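Chemist: Below: one structure in structure tokens.
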Amino acid sequence: RLYSVTEVADRLQLIAESEGLHIDRDALELVARQGTGSMRDSISLLDQIVSDPDEVITIDIVERILGTASLGSVKDVVAALVDEDAARGLHVIAHAVDSGSDPRQFGEQVVEHLRSVLLTQTASADLVEASTEDRSLYEDQAVLIGRGRLLAAIKAFNDAVNNYRGGWQPQLALELALLESLKQQEVTVDMGANYAQPAFAPPPQAAQLAAPPVETMPPGAPPVVEPAVIREKWNIALKALYRYSKNGPDLMQYFRVVRVDGNTLYLGTDNTLYYEKLQYPEKIQVLERVFYEVHRVRLHVRLMMVSGNELQDAPVESQGFDPNDPLLSEGAQLGAKITPVDKPKRKSEKASE
């Protein structure tokens, strides 16, 4: 029968201890993964790795002997995919192959990582055999990458592995897989559009972004998610929102978590312009979908006008400009990054100092 990574690694550790070998745990887990569940194959790989009984065997040594890419390189490729950064992904692939990683094994490792993200996104990170740190990474990436792009990436890299034939450009299959994955278009909604105007009808794809329906809990019920948790993951929510609306995060910079009443999340702003822009069912559905993906809890989102004093505990940094300025506000809606610049002093002001 096939064994889990933990079972194989435990068995290898017993063997190493009985032989007086010094092997790091993460190195044993890598050997177990390469053995693909076979206890006999994993033990055989361990024999190949050990050449000096007195040597301390680290994961770097195992990666070099087995020709696998470093786990950091695999994570970097997936991070580039999540961030839609083709240039960074291509650089990571080139560096890994140039450093001696076998392209086929590198592709297999990427598929394994993406599969872990898929399981986490679909069900739970508990299905994945990994450290607490890696599970946390899978959870974050499961929020930040769309299902369509994730499935496209798994298929592309899996095909690259299965169809690998070597050749004079060994990393070409992986490069094409990365670029093919990034071609997948996500469903988006213009959060800045005013749907009340005839020229901006609600896009039909907005209905696809609605979170699963949920009944509103009675007033006074304890919060299903603490406001502090929502504030802590606010930036993650903004990154997830960017997948559905390119200008959504810019608008949400003007909103703050006011309170959570049962399963109703109240977001407040002191800016009438942005309050009115987001006060449409289609846009609220997008926000509810995002918070559901981040917290795995179904929340109703309600927007409210509050005073400026109630926004002092803002979970994100101030924009650094007056939101009532029509020119700067319009620039922010269009995705511009506005940075305050100190006004240069006049000569007379310098002389008086």
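Chemist: Would you mention how many residues in region 36-49 are of a type outside the set (D, E, K, R), closer than 17 Å to Glu17 by Cβ and exposed (fewer than 15 other Cβ atoms within 10 Å of the Cβ)? Step through it out loud before you land on a result.
Modeler: Going through region 36-49, the residues of a type outside the set (D, E, K, R) turn out to be 36-39, 42-46, 48-49.
Those left that are additionally closer than 17 Å to Glu17 by Cβ: 39, 42-43, 46, 49.
If we keep only those that are exposed (fewer than 15 other Cβ atoms within 10 Å of the Cβ) too, we end up with none.
Summing the residues that are of a type outside the set (D, E, K, R), closer than 17 Å to Glu17 by Cβ and exposed (fewer than 15 other Cβ atoms within 10 Å of the Cβ) in region 36-49 gives 0.
Chemist: Considering only residues that are outside any loop (DSSP other than H, G, I, E, B), in contact (Cβ under 8 Å) with a residue 24 or more places away in the chain and among the charged types (D, E, K, R), which ones fall in region 72-101? Show your work before the answer.
Modeler: So the first thing to find is which residues in region 72-101 are outside any loop (DSSP other than H, G, I, E, B), and the list is 72-82, 86-98.
Keeping just the survivors that are in contact (Cβ under 8 Å) with a residue 24 or more places away in the chain gives 73-75, 77-82, 86, 89-90, 93-94, 96-97.
The answer is Lys75, and nothing else.
Chemist: Select from region 120-142 the residues that are closer than 15 Å to Val78 by Cα and among the hydrophobic types (A, V, I, L, M, F, W, C) and list them in ascending order.
Modeler: Passing the criteria: Leu137, Ala142.
Chemist: When you go through Gln197, Gln205, Gln185 one by one, which is the residue that is assigned to a helix (DSSP H, G or I), modelled with pLDDT under 90 and surrounded by fewer than 20 Cβ atoms within 10 Å (Cβ to Cβ)? Give the derivation first.
Modeler: Numbers: Gln197 fails: assigned to a helix (DSSP H, G or I); Gln185 fails: assigned to a helix (DSSP H, G or I).
Only one candidate qualifies: Gln205.
Chemist: Any residue in region 63-71 that is aliphatic (A, V, I, L, M), part of a loop (DSSP other than H, G, I, E, B) and either crowded, with 19+ Cβ neighbours inside 10 Å or without any contact (Cβ under 8 Å) to a residue 12 or more places away in the chain (or both)?
Modeler: The initial filter retains those residues of region 63-71 that are aliphatic (A, V, I, L, M), namely 65-66, 69, 71.
With part of a loop (DSSP other than H, G, I, E, B) added as a condition, the list becomes 69.
The next check asks that each one be either crowded, with 19+ Cβ neighbours inside 10 Å or without any contact (Cβ under 8 Å) to a residue 12 or more places away in the chain (or both); those that pass are 69.
Yes, because at least one residue in region 63-71 is aliphatic (A, V, I, L, M), part of a loop (DSSP other than H, G, I, E, B) and either crowded, with 19+ Cβ neighbours inside 10 Å or without any contact (Cβ under 8 Å) to a residue 12 or more places away in the chain (or both).
Chemist: Which ones in region 83-97 are on the phi < 0 side of the Ramachandran plot and either touching an Asp or Glu at 6+ places or on another chain (Cβ under 7 Å) or surrounded by fewer than 22 Cβ atoms within 10 Å (Cβ to Cβ) (or both)? Break it down into steps so the answer makes sense when it comes.
Modeler: Filtering region 83-97 for residues on the phi < 0 side of the Ramachandran plot gives 83, 85-97.
Selection gives Asp83, Asp85, Ala86, Ala87, Arg88, Leu90, His91, Val92, Ile93, Ala94, His95, Val97.
Chemist: On to the next question. How many residues are more than 11 Å from Val290 (Cβ to Cβ) and without any contact (Cβ under 8 Å) to a residue 60 or more places away in the chain when one looks only at region 228-246?
Modeler: 1
Chemist: Could you list, in sequence order, all residues of region 22-37 that are assigned to a loop (DSSP other than H, G, I, E, B) and in contact with a helix residue (DSSP H, G or I) (Cβ under 8 Å, 6 or more places away or on another chain)? Steps first, please.
Modeler: If we filter region 22-37 for residues that are assigned to a loop (DSSP other than H, G, I, E, B), which is where we start, we get 24, 35-37.
Once the filter is applied, which keeps residues that are assigned to a loop (DSSP other than H, G, I, E, B) and in contact with a helix residue (DSSP H, G or I) (Cβ under 8 Å, 6 or more places away or on another chain), region 22-37 yields Asp24, Gly35, Gly37.
Chemist: May I ask you to list the residues in region 254-270 that are surrounded by fewer than 19 Cβ atoms within 10 Å (Cβ to Cβ) and part of a loop (DSSP other than H, G, I, E, B)?
Modeler: Gly262, Asn263, Asp270
Chemist: Might you check whether a residue that is assigned by TED's automatic domain parsing to the domain that holds Asn162, over 23 Å from Glu29 (Cα atoms) and either of a type in the set (Asp, Glu) or not in a helix (DSSP H, G or I) (or both) occurs anywhere in region 102-120?
Modeler: Initial filter on region 102-120 (assigned by TED's automatic domain parsing to the domain that holds Asn162): 102-120.
From what is left, the residues that are over 23 Å from Glu29 (Cα atoms) are none.
For region 102-120, residues assigned by TED's automatic domain parsing to the domain that holds Asn162, over 23 Å from Glu29 (Cα atoms) and either of a type in the set (Asp, Glu) or not in a helix (DSSP H, G or I) (or both): absent.
Chemist: Do we find a residue being among the charged types (D, E, K, R) and touching a residue at least 60 places away in the same chain (Cβ under 8 Å) anywhere in region 261-269?
Modeler: Within region 261-269, the first condition is being among the charged types (D, E, K, R), and the residues that meet it are 261.
The next check asks that each one be touching a residue at least 60 places away in the same chain (Cβ under 8 Å); those that pass are none.
Looking for residues that are among the charged types (D, E, K, R) and touching a residue at least 60 places away in the same chain (Cβ under 8 Å), one finds none in region 261-269, hence no.
Chemist: Same structure, new question: Does Ala125 satisfy being free of Cβ contacts under 8 Å to residues at least 40 places away in the same chain and under 19 Å from Leu179 (Cβ atoms)? Break it down into steps so the answer makes sense when it comes.
Modeler: Values: free of Cβ contacts under 8 Å to residues at least 40 places away in the same chain: yes; under 19 Å from Leu179 (Cβ atoms): no.
In short, no.
Chemist: Right, next: Checking His22 against (1) out of contact with any strand residue (DSSP E or B) (no Cβ under 9 Å at 6 or more places or on another chain); (2) surrounded by fewer than 16 Cβ atoms within 10 Å (Cβ to Cβ), only one condition comes out false. Which one?
Modeler: Checking His22 against (1) out of contact with any strand residue (DSSP E or B) (no Cβ under 9 Å at 6 or more places or on another chain); (2) surrounded by fewer than 16 Cβ atoms within 10 Å (Cβ to Cβ), the one that fails is (1).
Chemist: From the residues in region 232-256 that are of a type in the set (D, E, K, R) and over 17 Å from the mean Cα position of the chain (by Cα), which one is modelled with the highest pLDDT? Working first, answer last.
Modeler: Of all residues in region 232-256, those of a type in the set (D, E, K, R) come to 232-233, 239, 243, 246, 250, 256.
Now drop any that are not over 17 Å from the mean Cα position of the chain (by Cα), which leaves 250, 256.
Working: Asp250: 89, Arg256: 93.
The selected residue is Arg256.
The values are calculated or read from the model by the stated rules, or taken from the named source; none is laboratory data. What you see is a predicted model; the values in this text were computed from it and never measured. Note: ideal-geometry Cβ built from the backbone for every residue, glycine included; neighbour counts use all protein chains shown.
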